[in-house]
Amino acid sequence: MKILRSIYHRVKNSFTNGWLNKTTKHWGIKIALPVVMLLYFGLLDFFSELEWIANYKKLHLKAFLVILFIELVARILDYCREQFEDGAIDKRRTVLTELLAAVSVIVQTKVTRFREALPKIEDKSPFDVITQPSEQINAIAMKIEDFFKKVAEVPDDCFDVTIMRTTNGNNWSYLFCLQKNYSRIEPKNLMKASVSSTAKLAFKSGNEHFFASKQEAAKCNSYHLGDRDNQKGDGSVYCKPVKIPMNGITESFVVTFTSYGTTLCDPRDTFSAEVWCMICREFARRIELELVLLCMKESKQRESVSRRDSSQDHRKRGK
């Protein structure tokens, strides 16, 4: 089944972006070949008494049948190309529509929370009341999962969003996990020098990374296959590093989207891979914004605690 799926993806990619697409659109196939066939047929029909035609009828018949066969194959391939291209256009339209809808819901969720928080401000700090990055990250992650289920047809319980965190490069831990019941590799183990993981690759390079096939990435030492990967089968992974320096401290995060049992596109389809990477990037940027707000809120809380402790020390000294 996997071999058949791979062959189908190759053929589809060839019809939409590859050599079959270019060949079936070539003027020689679409215009010249039908003209040659009609002229040859007219020549054989109207000038059949000519010596070089009458003496070689069988040869001319074979030649005409070969041209006719090539024309029929060309027409069939052209029809297949049109079908695959129409399907690709419909798919892109669906992806764009669902992406816009997902972003709209994410923004609306934040607007709704802001409106609901306004009456509760009173004498409290508006920033502390309105800014709830943890809630927003959860809402974003749930919408991302819903998007991939609809567009990429990822089955239930086969998509995860995780955020790993460290302060100044020490003590990696999970800040957020969408699927609470998953058993995962510990972040500190993923970041070991001996382990080849996409998260470590993204953090070390400072660049985002998308792999349409985790199994192919593992062969290139760019992904570490876990138990769930072995159970569910191949999938795709996206990792984006986020570094936020604040008050002498650098908070680092790695945002990861992972599918299990379903790849978002064929690994050989570079165009689709670029599109999916762009989509993942847009979602990751919205999570990045919430991570910045989270760090700002935590920094403000630390300053508040520090001022309170300092005030208590002054009182004690005064006594």
**Prompt:** How many of the residues in region 229-244 are in a strand (DSSP E or B) and either within 17 Å of Lys204 (Cβ to Cβ) or polar (S, T, N, Q) (or both)?
**Reply:** 7
**Request:** All but one of (1) in contact (Cβ under 8 Å) with a residue 24 or more places away in the chain; (2) buried (at least 16 other Cβ atoms within 10 Å of the Cβ); (3) not in a loop (DSSP other than H, G, I, E, B) hold for Val154, so report the exception by its number.
**Result:** (3)
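Among Ile144, Ile106, which is in contact with a helix residue (DSSP H, G or I) (Cβ under 6 Å, 6 or more places away or on another chain), in a helix (DSSP H, G or I), under 28 Å from Ser272 (Cα atoms) and at pLDDT 90 or above? Quick ask: steps written out before the conclusion?
Details: Ile106 fails: at pLDDT 90 or above.
Ile144 is the lone residue from the list that is in contact with a helix residue (DSSP H, G or I) (Cβ under 6 Å, 6 or more places away or on another chain), in a helix (DSSP H, G or I), under 28 Å from Ser272 (Cα atoms) and at pLDDT 90 or above.
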**Complete:** The number of residues in region 177-201 that are under 22 Å from the mean Cα position of the chain (by Cα) and in a helix (DSSP H, G or I) is 5
**Item:** Test for Lys204: is it charged (D, E, K, R) and either at pLDDT 90 or above or in a loop (DSSP other than H, G, I, E, B) (or both)
**Value:** yes
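When you go through Ala273, Ala284 one by one, which is the residue that is surrounded by 12 or more Cβ atoms within 10 Å (Cβ to Cβ), touching a strand residue (DSSP E or B) at 6+ places or on another chain (Cβ under 7 Å) and at pLDDT below 90? Let's see the steps before the verdict.
Details: Ala284 fails: at pLDDT below 90.
Only one candidate passes the filter, namely Ala273.
For (1) touching a residue at least 60 places away in the same chain (Cβ under 8 Å); (2) surrounded by fewer than 16 Cβ atoms within 10 Å (Cβ to Cβ); (3) touching a helix residue (DSSP H, G or I) at 6+ places or on another chain (Cβ under 8 Å), each residue gets a yes or a no:
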residue: Tyr182; (1), (2), (3): no, yes, yes
residue: Lys188; (1), (2), (3): no, yes, no
residue: Ala202; (1), (2), (3): no, no, no
residue: His209; (1), (2), (3): no, no, yes
residue: Lys219; (1), (2), (3): no, yes, no
residue: Thr262; (1), (2), (3): yes, no, no
residue: Asp269; (1), (2), (3): yes, no, yes
**Item:** Single condition Glu49 does not satisfy, out of (1) under 28 Å from Met278 (Cβ atoms); (2) assigned to a loop (DSSP other than H, G, I, E, B)
**Value:** (1)
**Asked** What number of residues within region 221-242 satisfy the criterion of being crowded, with 23+ Cβ neighbours inside 10 Å and free of Cβ contacts under 8 Å to residues at least 40 places away in the same chain?
**Response** 2
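Given the residues Ile70, Ile144, which is the only one that is over 30 Å from Ala202 (Cβ atoms), in contact (Cβ under 8 Å) with a residue 12 or more places away in the chain and either among the β-branched types (Val, Ile, Thr) or crowded, with 19+ Cβ neighbours inside 10 Å (or both)? First the steps, then the outcome.
Details: Ile144 fails: over 30 Å from Ala202 (Cβ atoms).
So the residue among Ile70, Ile144 that is over 30 Å from Ala202 (Cβ atoms), in contact (Cβ under 8 Å) with a residue 12 or more places away in the chain and either among the β-branched types (Val, Ile, Thr) or crowded, with 19+ Cβ neighbours inside 10 Å (or both) is Ile70.
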**Meets criteria (at negative phi, assigned to a loop (DSSP other than H, G, I, E, B) and in the same structural domain as Phe159 (by TED's automatic domain parsing)) for Val254** = no
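Select, from Arg268, Arg285, the only residue that is among the basic types (Lys, Arg) and assigned to a helix (DSSP H, G or I).
Matching residue, one of Arg268, Arg285: Arg285.
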**Flag if Asp229 is more than 29 Å from Pro133 (Cβ to Cβ) and either within 21 Å of the chain's Cα centre (by Cα) or at pLDDT 90 or above (or both)** = yes
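The values are calculated or read from the model by the stated rules, or taken from the named source; none is laboratory data. Note that the structure is a prediction, hence the values are computed from the model and not measured. Positions of Cβ are backbone-derived with ideal geometry, glycine not excepted, and every protein chain shown enters the neighbour counts.
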